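Structure first, then comments.
Just so you know, all these numbers are worked out from the coordinates, no wet-lab data involved. None of these values were measured; they are calculated from a predicted model. When we count neighbours, we look across all protein chains shown, and the Cβ atoms used for this are built from the backbone with ideal geometry, even at glycine.
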Amino acid sequence: MKRISTTVCLFVLAVAAVHVSAQVNPYKDGTPGVTGYRSEVLSEVIVQEDKFVRLAEALPAEKYAWRPSPDVRSFAEVFLHVATANYNLYKLVGTPPPAGLDVKGLEKSTTDKAKVIATLKDSFAHAKKAIAAMPDTDLDKSMDWFGGKNTERGILLFIVRHGAEHLGQSIAYARFVGITPPWTEDLQKKPAEKKEAPKEKQ
């Protein structure tokens, strides 16, 4: 049983390694200038950015207004909701949104593919700068949070969880309309690209 568990764990790690190698890999390349817990958070944010942007680019422009039912967000609104969070939530750890940006109206501001992708990229650039600018000494600072208390460390954890939740939502949306996530396509192409070794003549 122990041998089976070990084999399964190694398989999962191998798949994860291939999965990351097809994209950006902050776990290998590092996060220059950012260390410790902030580096761990930044790594996750970098991977999320890569997946969100690749998925947004793979999605046809005419699908940006699509939504699975009238009472939920469209593709464009999900992507812009994530962008809004990147601007709104990082102000809690010391980096306010850029001056003049209408964060309140951002989520419903456009369904134009190019504009949504640009906004998404800009928001992740903002997020990465916010993490880099945050002093480690602030991580344990306490603040009021949903009727209780949280630390700035906890806020960063919440931000990562929030992004992951909406990435999963976006993946489900994409599959529903027939779009395979690009990183899954990368994995699917791997076996097809492997050439069989030439057989020796008998």
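Kindly state, to the nearest 0.05, the FRET efficiency for Ala65 paired with Arg161, given R0 = 25 Å and r defined as their beta-carbon distance. Before the final figure, lay out the partial values.
Numbers: r = 27 Å, r/R0 = 1.09.
Between Ala65 and Arg161 the formula returns 0.35.
I'd like the FRET efficiency for Phe146 and Tyr37, computed as 1/(1 + (r/R0)^6) with the beta carbon distance as r and R0 of 25 Å, rounded to 0.05.
0.70
Using θ = phi - 60° and the Karplus form 6.51 cos²θ - 1.76 cosθ + 1.60, what ³J(HN,Hα) does each residue of the range 161-173 get, whole Hz, x for Gly and Pro?
Listing the rounded values in order: 4, 4, x, 5, 4, 7, 5, x, 4, 5, 5, 4, 4 Hz.
Please say if the range 47-182 is rounded, prolate or oblate, where rounded means a/c under 1.5 for a ≥ b ≥ c the square roots of the C-alpha gyration tensor eigenvalues, and otherwise the choice is prolate for a/b larger than b/c and oblate otherwise? Before the final figure, lay out each step's value.
Details: a/c = 2.01, a/b = 1.84, b/c = 1.09.
Verdict is prolate for the range 47-182.
For the pairs Lys51/Lys189; Lys51/Lys115; Lys28/Lys129; Lys51/Lys141; Lys115/Lys190, flag any whose C-alpha to C-alpha distance is greater than 28 Å.
Lys51/Lys141; Lys115/Lys190
Using a cut-off of 19 Å between alpha-carbon atoms, which aspartates and glutamates can reach Lys104, once sequence neighbours fewer than 8 places away in the same chain are excluded?
Reachable aspartates and glutamates: Glu77, Asp112, Asp122.
Classify the range 138-193 from the C-alpha gyration tensor, please: rounded if a/c falls under 1.5, else prolate or oblate depending on whether a/b exceeds b/c.
Here the range 138-193 falls in the oblate category.
At what distance in nm do the modelled label points of Lys190 and Lys28 sit from each other, each positioned 7 Å from its Cα along Cα→Cβ?
Going by the 7 Å Cα→Cβ label model, 1.2 nm.
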